[in-house]
Each structure stands twice: as structure tokens, then as C-alpha cells.
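The values are calculated or read from the model by the stated rules, or taken from the named source; none is laboratory data. Note that the structure is predicted; figures quoted are calculated from it, not measured. Because the Cβ atoms are built from the backbone with ideal geometry, glycine has one as well, and the counts that use them run over all protein chains shown. SASA here: full protein model, heavy atoms, side chains in, ligands and nucleic acids out. Shrake-Rupley method; radii C 1.70, N 1.55, O 1.52, S 1.80 Å.
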Amino acid sequence: EITSLLSLYDGQFSGEQEIRVNSPFWILNIPSEEMARGLMKRTVCAKSIFELWGHGRSAGELYASLKSYPTDKMLPYLQSDSTYKVHIHTFNKTLTQAQKIKKIDALEFLPFKGKVSLKNPEHIFWILEDYGMDPNNVPEEPFHLYFGRWIADGQRELIESYSVKKRHFIGNTSMDACLSFIMANHGRIKPNDVVYDPFVGTGGLLISSAHFGAYVCGTDIDYNTIHGLGKASRKNQKWRGPDENIRANLRQYGLEKYYLDALVSDSSRPIWRKGMLFDAIITDPPYGIREATRRTGSQKETVKSAERSTENHIFVSSNYHLSDIFFDLLKFAAEYLVMGGRLVYWLPIYRPEYTEEIIPRHPCLKLISNCEQMLSSHTSRRLITMEKVKEFKDQDQNSYLLDGQYMPYRGHNSFREKYFSGVTKRIAKEEKDNQK
């Protein structure tokens, strides 16, 4: 998420960055405070950002680092006519008030000239201490210490304010608010973008994109879901109400002006005119038993349709193989995304058999990131982010990657077909076991 947002603001990770895998603290080299504030206006993963004045593996190293920090960079925030306060945050350990005061007093060598104001200070400084990730094995002394000036907080409050529990219209698999915002940030959504979800469902992914100022639309094969009809998913409610629909959700959050429309459509049969239409495609394809994979038509229906008029034809649904879903999705994204536009979607996997080769590829799309969310000891899903880097040509119509080369797609004989069929069965089995 941070990488995507930095690139959105024309920044990038520096070679001097320090990212410790087993630590909640990152040291990043960001060109300006303005960019740092822009980053924090979007992120739901990061809690706060600070201008780092010093750090070390012990209190002595921290103090030595602070003493070497340029005084001219400190002084604007330490003037006699300013107010300040110092916070202490310890990760994986709780300190007494006396211990906190002792650590603050140890910083008396810093040239603070202003007055302390606990209620409304102009400048806030933080001591951050990292005691590791294991709550059952907390060390006496921290692994790392940091001191810096607070700049901005992230958008963690969005997780609660957009909670699915409070949402007007929900379904069995409405996307968690936190993950929705992470997906929008992976897609680098910005004001006036046009964002599309081909498996829109109850529109949870549209809400996060609309929050960032994008115009949103989607399609789904389920007529009842698009129109807010049928049985309700909420506990103790049998049928959906008259105003339970995607538009009502966006209206609930004051985002209705960004709603273009939602259409009943089969994602395997694109309905759009030729040409680049969308700045981002953000979606969660169906899998498992709570959201069946379907598309219009069947073999029997195909034979019969040739013998009669289609004037009053009613489409029936047939099975939609999981590998076909991803193949169609990538092909659609390659054709209808603008250059530099992003496709963000979830890919279910069976962990014991997972290899990166099963990730669907397309010659027009570059894999940007691949992040795992654990579902159980054996199953998980991966958030795949891809970016359009090449103009779509006719020869790219039916291509997929195999052994480093793009080959013609051969329908159900695809090398991924067997794998994804197994994944679907395992996820369905686990969902049934959980229901029991």
C-alpha cells in the first residue's frame, strides 16, 4: 500500500530505506513533508508518520544519534515562543507512568526552549520503543528506539466509520472496509478516475474508490443483488427492504454523486464499446459456496438458440470455471484499462500446492504486487495488483503465460484448470465445515 501511494505522489522507496520484517516500525526516505502528509491522508495500514531525529538499538545509541542530528533542523520547533509535549509509545510492553517520566527526563540535553502544553501543543514529539512481536517473550530492554517529530496520522478511523456492520445494504461476502481501502490504494485511485468492478455484488469496493473522489460503476450477473431484491443477508431480517441497493450505500456516506450505475451483465461477455474506458478495475471474483461462479448460457441452450428466435430468450446460467474467470478478467483489463491503469483482485490459493506460476499473466499487464491474506492453515487468498504497460493488440486476445512464454489459451485444458478446480473444492469444503 505504501509503495503504491508513494508512486501516486511521484515518490519512491529510496535505497537507504530500512524495512524490518519483524517490526511494526519502518524507516523511509521521503522527499518532503508535504508528500508524507499526502501519504497519510490515504493509508489505512500506517498509523502515524514522524520526522526521525534519532534512533538506536539502546538508549545510549539513541542519545548519540540525537546529538548528531543537525541543530538547524531542530531549532524551528524548539523556539521559546512555541509549545510542545513528548509522548512515549512502547510496542508489546506497558510502562508505568514513573518509567515514562524517567525516559522523558533523560532527553533534557535537547535544546527545548518552549513551554510544555499537554492539551494543545504546537509540536508533538514521540519516543517509540520496539519490544518485538512475541507477547509471550517480552525482553527487558527494547530491540530498537526512535525519537521524532509527529507529522500526521493515517486514516485508520475509516475502518470503523465505513464498517460493514453499519452499512445499509450488505451481502454474504461484502468486502471488509479495511481491505476495500487497501485495494483502492493499491489501484492508486485519485479524484475523477473512473473505476469499474465486474463482480460488483453489493458494491463494497465502489465505496472506497468513491471516498477518494473516483466515479464508480459495476456489473454483476445476479439480477436480485443489483436491484436489491430477494432474501436479506442481515441477521433477523428475512427480505431486503425497498431501498437496499448500491446507490443507497453511496448515499449513506454522502458519495452518491460519484455513482455512475450498476448493470446486470455477464463478465465473460463484455458489453462495452471498444477502447480504453477505465482508470482502474478493482474486484473480488466469486469463489466458494457463498458466491457461486456462474455465467450465462449452457451447452443445451446454445444448440436450442440456433433453432429459434432470440426475441424472448431468457438466459440460463452455467458453471464458470475459476481459471476462466481470471483469464477473462485479465483479458478484459488488458483491453479496457487506460495505459498505466491498474487491475486489483483477489486470487484464492491452496497453500501446500501454491507456486507463483499459477498467478494468471497477460502480455499487456505487469505484476506489481502479490500479498497474502491467510484464511486457514491450508487456504489463503492473494491480493494481486497489475498495471497495464502495453497497448492491447488483436494477437493478445487469447494469451496466457506458461514457462516464461505467452501461449494461446486452450479453454478448459489450461494448465491452471486442475489447480483452480481443486482450490474451489477445498474452499467449499472448509466453508461447509465452518457452517457445521
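If R0 is 45 Å, what FRET efficiency do you get for Asp10 and Leu107 from their C-beta distance, rounded to 0.05? Don't skip to the answer; put the middle values down first.
Working: r = 36 Å, r/R0 = 0.79.
The calculated FRET efficiency here is 0.80.
Could you tell me which of rounded, prolate or oblate describes region 33-77, using a ≥ b ≥ c as the square roots of the eigenvalues of the alpha-carbon gyration tensor, with rounded for a/c under 1.5 and, failing that, prolate when a/b is larger than b/c and oblate otherwise? Because a/c hits 1.5 or more and a/b fails to exceed b/c, region 33-77 counts as oblate.
Tally Lys and Arg at +1 and Asp and Glu at -1 over the other residues with C-beta under 9 Å from the C-beta of Tyr259: what net charge comes out? Taking every other residue near Tyr259 into account, the sum is +1. What FRET efficiency comes out for Leu229 versus Lys393 if R0 is 51 angstrom and r is the Cβ-Cβ distance? Round to the nearest 0.05. After rounding to 0.05, the efficiency reads 0.80.
State whether region 70-204 is rounded, prolate or oblate according to the following rule on the C-alpha gyration tensor (a ≥ b ≥ c being the square roots of its eigenvalues): a/c under 1.5 gives rounded; otherwise a/b larger than b/c gives prolate, and the remaining case gives oblate. Walk me through the numbers on the way to the answer.
On the way: a/c = 2.90, a/b = 1.86, b/c = 1.56.
Prolate, because a/c is 1.5 or more and a/b exceeds b/c.
Here the spin labels are modelled as points 7 Å beyond Cα on the Cα-Cβ line, and at Thr94 and Arg247 they lie 5.1 nm apart.
Considering only Gly56, Thr83, Met35, and ranking their Cα positions along the charge dipole of region 34-88 that arises from unit charges at the beta-carbon of Lys, Arg, Asp and Glu, the one farthest toward the positive end is Met35.
Just to be sure I understand: of the beta bridges DSSP finds with both ends in region 1-149, what percent are antiparallel, rounded to 5? Don't jump to the answer; show the numbers that get you there.
Working: 13 of 23 bridges.
In region 1-149, DSSP labels about 55 percent of beta bridges as antiparallel.
Take the solvent-accessible surface of the protein heavy atoms, probe 1.4 Å, and return the percent of it on region 337-376 that carbon and sulfur atoms account for. Using a 1.4 Å probe with all protein chains present, region 337-376 comes out at 49 percent carbon and sulfur. Rounded to the nearest 0.05, what FRET efficiency is calculated for Asp153 and Leu260 with R0 set to 30 Å and r the Cβ-Cβ distance? For R0 = 30 Å, the calculated efficiency reads 0.40.
The Cα center of region 79-98 and the Cα center of region 106-150 differ in position by 5 Å. With 27 Å as the limit on Cα-Cα distance, the pairs of Lys165/Lys238; Lys47/Lys165; Lys100/Lys166; Lys47/Lys257 that go past it are Lys100/Lys166; Lys47/Lys257.
Working from label points 7 Å from Cα in the Cα-to-Cβ sense, the Glu160 to Lys238 distance is 3.7 nm.
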